[in-house]
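Inspection log for the structure reproduced underneath, given as structure tokens.
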Amino acid sequence: MELVTLFLVCLMAVSSTSAEVESKSKPGRGRGSMWWGIAKAGEPNNISPLANGMIYMDPAIHATLRRKQRRLARENPGVLAAIAKGANMAINECQHQFRNRRWNCSTRNFLRGKNLFGKIVERGCRETAFIYAITSAAVTHSIARACSEGSIESCTCDYSHQSRAPQANSMGAVAGVRDWEWGGCSDNIGFGFKFSREFVDTGERGRTLREKMNLHNNEAGRSHVQSEMRQECKCHGMSGSCTVKTCWMRLPSFRVVGDLLKDRFDGASRVMVSNSLRTTVNEATLSNRANPNGLKSPNQVGSSPNSVSSNSIHARSHQQKKINRYNFQLKPHNPDHKPPGMKDLVYLEPSPGFCERNPRLGIQGTHGRQCNDTSIGVDGCDLMCCGRGYRTQEVIVVERCACTFHWCCEVKCKLCRTKKIIHTCL
Ligand SMILES: *[C@@H]1O[C@H](CO)[C@@H](O)[C@H](O)[C@H]1NC(C)=O
Ligand SMILES: *[C@@H]1O[C@H](CO)[C@@H](O)[C@H](O)[C@H]1NC(C)=O
């Protein structure tokens, strides 16, 4: 774990350096994505607020935030730690999903004004789409969980399910046995979703095609988190009779989100912009997108079409400006393909080859990467090494082994040396 020493510097003192960095970054490309650098702030504990309204952190990290993002951090004490945790979750998940591929989601040492994921972000390819979706999903996830854990001052558990009548179970209520009740502490997906939109989408105005691509992928990441929310329950009552059940909605594990987004990466759509607005497509889809709060319980949305129309006209016009940013339909590059759905990842241009090192494009190449000589997939030596061939070596691996547990509480292990055959690309 890389630990960056954090300097105690007042928020005010760094605002001039931040403005400088913002103006230097390329317009339109990765405008809203410099906050990813927050992942390198080290342990989330290191950026806890010391006093209400004042946040102390490494000025170099702080400089990666845009003005609106700094305001959001100030107004919601505790969010920075959650965002840093989310950014690290995103990096770890991305590197897990891509561990066996030519592009392996490596991050660069954090340098001020440089993008954490490197120059790949300047392109509008599939890999870029994945990075945006996974980071946006991770912030949604991390904030929703931090709310229910009580580590953000401006949000709590979601208790909104409490007031609703318990759903009838499929067999109907049995006399004398109570149905389950909401009442548990649900992860606050409503807050997480909205906060991610505000924070992550800052700077993506949706005017250029690239900004629309980013917005679409950010939104796709969030909606995968949202739709994987599951109901969990706990029984109460004498000797486990379960006469009363308390239920709540819980976030999926982030691995589930990573797996889903990787599937969408494999089936990503190449797009261009169409003229039609999403309003004409489907009113229900529009209000769902505009009002994540209406989606707190996915099973309720499915069973009750009325929940969609619960928005008052007034609330809708108030949110009109926000809606418009997400109110577009991207058109498939190939007219024979279906238009991308809300959960699909979209990209604008084919990926560069990741075979050879190319510093101009920020590509490391696959020289020296380990490969699997019996696999015919992307981790196989043929594909990973791009036909250059590979070297086979016998290496001695030192591992802990024959571990025994000693009362109490110690585990003692031996160090074992085992021989392993590894293959590395030339
Ligand atoms: C990714 O691949 C590069 C070589 O191309 C290697 O140096 C790096 O350690 C790999 N990173 C991860 C996270 O696997
Ligand atoms: C190599 O690939 C084969 C076939 O896909 C697989 O069974 C095996 O577990 C892989 N080996 C490693 C070390 O990943």
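No value in this document is a laboratory result; all are computed from the given coordinates. This is a predicted model, so every value here is computed, not measured. Cβ atoms come from the backbone with ideal geometry, glycine included; neighbour counts cover every protein chain shown.
Estimated at 0.36 nm per residue, the fully extended path between GLU410 and GLU394 surpasses their Cα-Cα distance by 2.4 nm.
Could you tell me which chymotrypsin sites (Phe, Trp or Tyr not before Pro) in segment 343-426 are loop residues by DSSP with no more than 11 other beta carbons within 10 angstrom of their beta carbon?
Values: sites: TYR347, PHE354, TYR390, PHE405, TRP407; in loops: PHE354, TRP407.
Here the sparse-neighbourhood loop sites are TRP407.
Around ARG145, under 10 Å between beta carbons, what's the net of Lys plus Arg minus Asp minus Glu among the other residues? Charge balance in the 10 Å sphere: 0. Spin-label model, ARG205/CYS401: points 7 Å from Cα along the beta carbon direction are separated by 6.3 nm. Protection proxy ranking for 73-82, 250-259, using the average of other Cβ atoms within 10 Å per residue and placing the highest first: 73-82, 250-259. In segment 366-425, Cα pairs under 8 Å separated by at least six residues give a relative contact order of 40 percent.
Would you mind checking LYS114/LYS262; LYS212/LYS343; LYS212/LYS331 for any pair whose Cα atoms are more than 18 angstrom apart? Mind showing how you got there, number by number?
Working: LYS114/LYS262 26 Å; LYS212/LYS343 14 Å; LYS212/LYS331 12 Å.
Table pairs above 18 Å Cα-Cα are LYS114/LYS262.
Using R₀ = 35 Å, calculate the FRET efficiency as 1/(1 + (r/R₀)^6) where r is the Cβ-Cβ separation of ASN334 and LEU361; round to 0.05. With R0 = 35 Å, the Cβ-Cβ based efficiency is 0.90.
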